[in-house]
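The values are calculated or read from the model by the stated rules, or taken from the named source; none is laboratory data. Note that the structure is predicted; figures quoted are calculated from it, not measured. Cβ placement follows ideal geometry from the backbone for every residue including glycine, while neighbour counts extend to all protein chains displayed. Surface accessibility is based on the protein's heavy atoms, side chains included, excluding ligands, DNA and RNA. Shrake-Rupley method; radii C 1.70, N 1.55, O 1.52, S 1.80 Å.
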Amino acid sequence: ENGKKAKKRKQEYEDEEEEEEERSTDGSKWKFLEHKGPVLAPPYEPLPGHVRFFYDGKLLRLSAPAEEVATFFAKMLDHEYTTKEMFRKNFYKDWRKEMTSEEKSKITDINKCNFTEMSEYFKAQSEARKQMSKDEKLKIKEENERILQEYGFCVMDNHKERIGNFRIEPPGLFRGRGDHPKMGMLKRRIRPEDIIINCSKDSKHPKPPQGTRWKEVRHDNKVTWLVSWTENIQGSIKYIMLNPSSRIKGEKDWQKYETARRLKKCVERLRAQYREDWKSKEMRVRQRAVALYFIDKLALRAGNEKEEGETADTVGCCSLRVEHIKLYSKMDDQEYVVEFDFLGKDSIRYYNKMPVEKRVFKNLQLFLENKQPEDDLFDRLNTSILNKHLQELMDGLTAKVFRTYNASITLQQQLKELTSPDESIPAKILSYNRANRAVAILCNHQRAAPKTFEKSMQNLQTKIDEKQKQLSATRKQLKGAKTEHKASHDDRSKKMVEVKRKAVQRIEEQLMKLQMQATDREENKQIALGTSKLNYLDPRISVAWVKKWDVPMEKIYNKTQREKFAWAIDMAEEDYEF
DNA sequence: TCCTTGACTTGCGATCAGAAAC
DNA sequence: GTTTCTGATCGCAAGTCAAGGA
């Protein structure tokens, strides 16, 4: 019965797709698109006169442009960033460009600049904001809501859709991740003249602010963005696009998982293939095969080349260098161990030791021959070569599909393995989180341990201890009630026993729930679950699991997540198989 | 074939707002 | 009512990958 219903629902969903399918055949993403344009960053408000800047101990009044950039620095004064040489150097260089010639001649050493009054002023401001009355806070909230209603939605074809980021990024200082050569540089203010609007011809076009004009208004329905501008740090393009709950994002997401499911069907064939290729006469084929093995087995990212000096030095699979791996023919009781140690996306460290097959090991030794530490491990390979190869093996296959596939299949397996039918709901949720955690570990999704981790752990432990005490007290009472009932055999005492029995049971449940929470939190100290949940795990697996075990959906997905995964919640029944 | 550009996804930390504790 | 804590949301940087031009 359920299966039938699911099929019917799925069919309906697909029918609906088909109705609007015509758009995708020619690559067009929409027919009609209307929106109000972006919300620009608020103009700069000069500091009040009493907030002073000192240079070399002497008061110096800055021109508005120089002052604005100085406030960006002042706002970050408490951050470690501002102590870094590179950050200070880049900031100072860009700041000078905003100074008048007089300022330039006076200010010659950033170390003689004193931003503390500015910094104190901003701290006081944010303190004051916290202290605002309820009414004032409400007013701000209402104003935000109004802006959201006006600018936060667009009409795409026949649907009103939520826009993801409708505010233009305000000017400020660029903060890269890791050891970024451009940290501290000035991110300039984006004006209407920098902005390209994309909407349909027959829509009401967004109006630029009085006295300004857009850089361009175009009508390109081959793309999904509404607004774009070029950012000045890397020269890359930034976009305003729709919210993940939108039809256009949801469909794309669905497609992504369908591609991963197609990989599931042929992954064994591909594995056999790359194992075969380890023996190839051609170096490029061997390298490709070993790289693919890493991508499959360790869920490494593809690893595009990056322009040196433009970004932090990070790598993925294809861009691994000799210095990033170490080979041990024997380590402890294992043979042929490869040790990985490199900075990946966002300069997050990837550290792992993995025993590999002898053939892989021998290949790696070969790849390392006569190379310097800074040489590429896979010198005959790049992401473009790899992806072209993958495309030949399966339509739509690229390196990142392996991450999606391995993440989703791992979740499904782990859920099967960890969920026991008769455990309580909190225990089931712990199992779910553990399955999710296995994936996060596979994908190396880390986080800095929360600053308040130790404290919050202690708080939880205190609660557990209290609950423990409460439990033994209540147990004692139960025992007492039983004794009394044995003596008196009356109805009142019988009732009392029942009441106490229930109380014990309730407290036991509460205690267990707390203990589950503590375990979960402890295990999750340095692991970030969000990224995999949002980007790698086929939501239908979770939906099916929730339905199978009668776990409330909101224990697994919060409101935004339910919105994003609406398509899956609608589509999957408890028998869904990834 | 190489290099650049453009569009889109993925990723972390910061900040915010509401719930819980006091 | 006020303060503290926590999960949700935001902000925006940093990846992937395809296409187009040299």
request  = Answer rounded, prolate or oblate for segment A:259-310, using the Cα gyration tensor with square roots of eigenvalues a ≥ b ≥ c: rounded when a/c is under 1.5, else prolate when a/b is larger than b/c, else oblate.
outcome  = oblate
ask   = Which semi-axis lengths, in whole Å and largest first, follow from the square roots of five times the eigenvalues of the Cα gyration tensor of chain A?
value = 45, 38, 31
request  = Give a quick list of GluC sites (Glu not before Pro) in segment A:228-297 that DSSP marks as loop, anything other than H, G, I, E or B, with at most 14 other Cβ atoms within 10 Å.
outcome  = A:Glu282
Share of alpha-carbon pairs per 5 Å distance bin for segment A:164-229, given as whole % = 4, 15, 19, 20, 15, 12, 9, 5, 2, 0
query = Which of the trypsin sites (Lys or Arg not before Pro) found in segment A:223-327 are in a DSSP loop and have at most 12 neighbouring Cβ atoms, other than their own, within 10 Å?
reply = A:Lys279, A:Lys281
request  = Please state the charge dipole magnitude for segment A:340-393, taken about the Cα centre, from unit charges on C-beta atoms (+1 on K and R, -1 on D and E), reported in debye and rounded to the nearest 20.
outcome  = 240 debye
query = For the charge dipole of segment A:422-566, defined by +1 on Lys and Arg C-beta atoms and -1 on Asp and Glu C-beta atoms about the Cα centroid, which residue among A:Ile441, A:Thr452, A:Ile541 has the Cα displaced farthest towards the positive pole?
reply = A:Thr452
task = Please report, as a whole percent, how much of the solvent-accessible surface of segment A:371-418 comes from carbon and sulfur atoms (probe radius 1.4 Å).
result = 45 percent
note = Given Cβ charges of +1 for Lys and Arg and -1 for Asp and Glu, the option among A:Ile237, A:Leu263, A:His219 whose Cα lies farthest towards the positive end of the dipole of segment A:219-300 is A:Leu263
query = Pulled fully out, how much extra length does the chain show between A:Arg262 and A:Glu574, if you take 0.36 nm times their separation in residues and subtract their Cα-Cα distance?
reply = 110.3 nm
query = Between A:Leu529 and A:Lys469, what FRET efficiency follows from the Cβ-Cβ distance if R0 is 35 Å, with the result rounded to 0.05?
reply = 0.60
ask   = With the dipole of chain A worked out from charges on the C-beta (+1 for Lys and Arg, -1 for Asp and Glu) around the Cα centre, which of A:Ser347, A:Ile464, A:Asn114 lies farthest toward the positive end?
value = A:Ile464
task = Return the long-range amide H neighbours of A:Val217 (sequence gap of 5 or more, or a different chain), with a cut-off of under 5 Å between placed amide H atoms.
result = A:Ile197
Solution diffusion estimate, µm²/s, Stokes-Einstein, segment A:374-496, Kirkwood Rh from C-alpha pairs, 4 °C, viscosity 1.567 mPa s = 63 µm²/s
request  = Return the whole-Å distance between the Cα centroid of segment A:524-540 and the Cα centroid of segment A:455-518.
outcome  = 36 Å
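Please compute the alpha carbon radius of gyration of segment A:339-426, then divide it by the globular-protein estimate 2.2 N^0.38 Å. Two decimals is fine.
1.54
If you stretched the chain out fully between A:Lys371 and A:Leu460, how much longer would it get, using 0.36 nm times the residue separation minus the C-alpha to C-alpha distance?
In short, 26.8 nm is gained.
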query = Excluding ligands, DNA and RNA, what is the solvent-accessible area per residue of chain A at a probe of 1.4 Å, expressed in Å²?
reply = 57 Å²
task = Note down the magnitude of the dipole of segment A:243-363 about its Cα centre, charges +1 on Lys and Arg C-beta and -1 on Asp and Glu C-beta and zero elsewhere, to the nearest 20 debye.
result = 720 debye
inquiry  = Can you classify segment A:495-577 as rounded, prolate or oblate using the Cα gyration tensor, where a ≥ b ≥ c are the square roots of its eigenvalues, rounded means a/c under 1.5, and otherwise it's prolate if a/b beats b/c and oblate if not?
reply    = oblate
task = Beyond 22 Å between alpha-carbons counts as too far, so tell me which of A:Lys416/A:Lys548; A:Lys36/A:Lys215; A:Lys479/A:Lys502; A:Lys75/A:Lys97; A:Lys187/A:Lys564; A:Lys29/A:Lys207 fall in that bin.
result = A:Lys187/A:Lys564; A:Lys29/A:Lys207
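For a quick check of your reading of the filter: which GluC sites (Glu not before Pro) in segment A:494-578 sit in a DSSP loop and have no more than 13 other Cβ atoms within 10 Å?
A:Glu577
Roughly what % antiparallel, to the nearest 5, for the DSSP beta bridges in chain A?
If we restrict to bridges inside chain A, about 90 percent are antiparallel.
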task = Could you give the size of the charge dipole of chain A about its Cα centre, using +1 on the Cβ of each K and R and -1 on the Cβ of each D and E, expressed in debye and rounded to the nearest 20?
result = 1480 debye
remark   = CD proxy, 222 nm, chain A: helix-only mean residue ellipticity via -39,500 (n - 2.57) per DSSP H run with n ≥ 4, per residue, nearest 500, stands at -16500 deg cm²/dmol
ask   = Based on Cα positions only, what radius of gyration and what Dmax would you give for segment A:82-230, in angstroms?
value = 20.6, 60
